[in-house]
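> Let me begin by handing over the structure; questions about it come next.
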Amino acid sequence: MTAIEEALQKNILVLDGAMGTMLQAYKFTEVDFRGDRFTDHPCSLQGNNDMLSLTQPEAIKTIHRKYFEVGADIVETNTFSSTSIGMGDYEMEPWVYELNFESAKLAREVADEFTHANPNKPRFVAGSIGPTNRTASMSPDVNDPGYRAVTFDDLVISYSEQVQGLVDGGSDVLLVETVFDTLNAKAALFAIDALKEKNNWDIPVMVSGTITDASGRTLSGQTVEAFVISVSHIPLLSIGFNCALGADQLLPYLRTLSQATEVRTSAHPNAGLPNAFGAYDQTPEEMGALITKYLEENLINIIGGCCGSTPDHIAQIAAAARLHQPRKIEQISI
């Protein structure tokens, strides 16, 4: 049994909040994104938050540290878009392995600092694996429904490079997150499974999908139950949902999820829904109160925040989590 599995037997574990929200406060310019190393890069790099692990590593470590300081048990690596597919927009494909390795290493260093200071509360690193900016299930061209901008094999190759870097850098768990297309997620899981077998790794895997709207379905059209079945072909540490919805909108789908799976459940919703300017107005206290409903109903094993959430939000969530027991795993029949 891995250390994170042992911790989950005792407590609800708290995941961190948004990385992008925190980075926006730095107001980094193009010069900051490039740093000394990429001054001659042929295209604009501003907005490529993942590369800040290479050019502004202290900022990334500071953000990890702030989340741990308020009670987070797990921080995600700054690698949401760190695949060759995602980095293609910035012509940074040659640096994909390094991006993942260094991002995991930064998070590992901070996690180890906190674990050393308080061995009774071990801290963990989740290697963040985003969905990429392409979909294998749907055509981006309304005039050509059969067209695909990416193939399953393309995704497997891209994810394999990312996963290798994340594990080499020191991740405790791999988090396939913000899944809007289950076929993309299955490519990530295939890549992970193949590398686990090849390298004899014993690393747990989390999967977190995205319910896109009030239809209760992912973008590729799956219900909660269908999504669970589609990704349950390999052993999972947890399955859950994140992004797109606020904590109150996500609640009914977590109820369904809790009844549809025998593995641990996770959630990291947004801090409400974005306003007209794309900002998130939900206060930490409001989000904490909504998350408390999850805990009172015994729906959750891992809880955190996504877009718009800050250390203040995670502090409220962590305080609530300490007062409740983790969801019990029971055999179910789908």
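> Specify which of the listed residues (M51, M92) is over 28 Å from L8 (Cβ atoms), aliphatic (A, V, I, L, M) and under 18 Å from the mean Cα position of the chain (by Cα).
The unique qualifying residue is M51.
> What's the number of the only condition in (1) surrounded by fewer than 22 Cβ atoms within 10 Å (Cβ to Cβ); (2) at positive phi; (3) not basic (K, R) that T132 fails to meet?
It fails just one condition, (1).
> When segment 284-326 is examined, which residues are found to be among the polar types (S, T, N, Q), over 20 Å from S208 (Cβ atoms) and over 20 Å from the mean Cα position of the chain (by Cα)?
If the condition is that a residue be among the polar types (S, T, N, Q), over 20 Å from S208 (Cβ atoms) and over 20 Å from the mean Cα position of the chain (by Cα), then T292, Q325 are the ones that fit.
> Another question about this same structure. What are the residues in segment 80-122 that are under 21 Å from V176 (Cβ atoms) and either free of Cβ contacts under 8 Å to residues at least 40 places away in the same chain or not in a helix (DSSP H, G or I) (or both), if any?
F80, S81, S82, T83, M87, G88, E93
> In this structure, is T79 closer than 25 Å to S171 by Cα and among the polar types (S, T, N, Q)?
yes
> Could you figure out which of (1) of a type outside the set (D, E, K, R); (2) touching a helix residue (DSSP H, G or I) at 6+ places or on another chain (Cβ under 6 Å); (3) buried (at least 24 other Cβ atoms within 10 Å of the Cβ) isn't true of P57?
In the conditions (1) of a type outside the set (D, E, K, R); (2) touching a helix residue (DSSP H, G or I) at 6+ places or on another chain (Cβ under 6 Å); (3) buried (at least 24 other Cβ atoms within 10 Å of the Cβ), P57 misses (3) alone.
> Answer yes or no: is there a residue in segment 140-149 that is within 30 Å of R264 (Cβ to Cβ) and of a type in the set (G, A, S).
no
The rows are residues; the columns are (1) at pLDDT 95 or above; (2) under 19 Å from M19 (Cα atoms); (3) crowded, with 21+ Cβ neighbours inside 10 Å; (4) touching a Lys or Arg at 6+ places or on another chain (Cβ under 7 Å).
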{"residue": "V110", "(1), (2), (3), (4)": "yes, yes, yes, yes"}
{"residue": "D144", "(1), (2), (3), (4)": "no, no, no, no"}
{"residue": "G169", "(1), (2), (3), (4)": "yes, yes, yes, yes"}
{"residue": "L174", "(1), (2), (3), (4)": "yes, yes, yes, no"}
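> Residue check: is A276 farther than 21 Å from E76 by Cβ and either over 18 Å from the mean Cα position of the chain (by Cα) or at pLDDT 95 or above (or both)?
Answer is yes for this residue.
> Would you be able to tell me the number of residues in segment 35-57 that are of a type outside the set (A, V, I, L, M, F, W, C), outside any loop (DSSP other than H, G, I, E, B), closer than 16 Å to T21 by Cα and free of Cβ contacts under 8 Å to residues at least 40 places away in the same chain?
Result for segment 35-57: 1.
> With the requirement that a residue be part of a loop (DSSP other than H, G, I, E, B), surrounded by 12 or more Cβ atoms within 10 Å (Cβ to Cβ) and charged (D, E, K, R), what does segment 1-34 give you?
Hit for segment 1-34 is D16, nothing else.
> Across segment 294-334, what is the number of residues that are surrounded by fewer than 15 Cβ atoms within 10 Å (Cβ to Cβ), modelled with pLDDT of 95 or more and of a type in the set (K, R)?
1
> Just to check your reading of the model, which residue among G47, G71, G20 is over 30 Å from L295 (Cα atoms) and among the small types (G, A, S)?
Result of the check over G47, G71, G20: G47.
> Which residues, counting only those in segment 248-299, are out of contact with any strand residue (DSSP E or B) (no Cβ under 7 Å at 6 or more places or on another chain) and in a loop (DSSP other than H, G, I, E, B)?
If the condition is that a residue be out of contact with any strand residue (DSSP E or B) (no Cβ under 7 Å at 6 or more places or on another chain) and in a loop (DSSP other than H, G, I, E, B), then E262, N275, A276, F277, G278, A279, D281, T283, E297, N298 are the ones that fit.
The values are calculated or read from the model by the stated rules, or taken from the named source; none is laboratory data. Remember, predicted model here, so these are calculated numbers, not experimental data. No Cβ is skipped: glycine too gets one built from the backbone with ideal geometry, and neighbour counts run over all protein chains shown.
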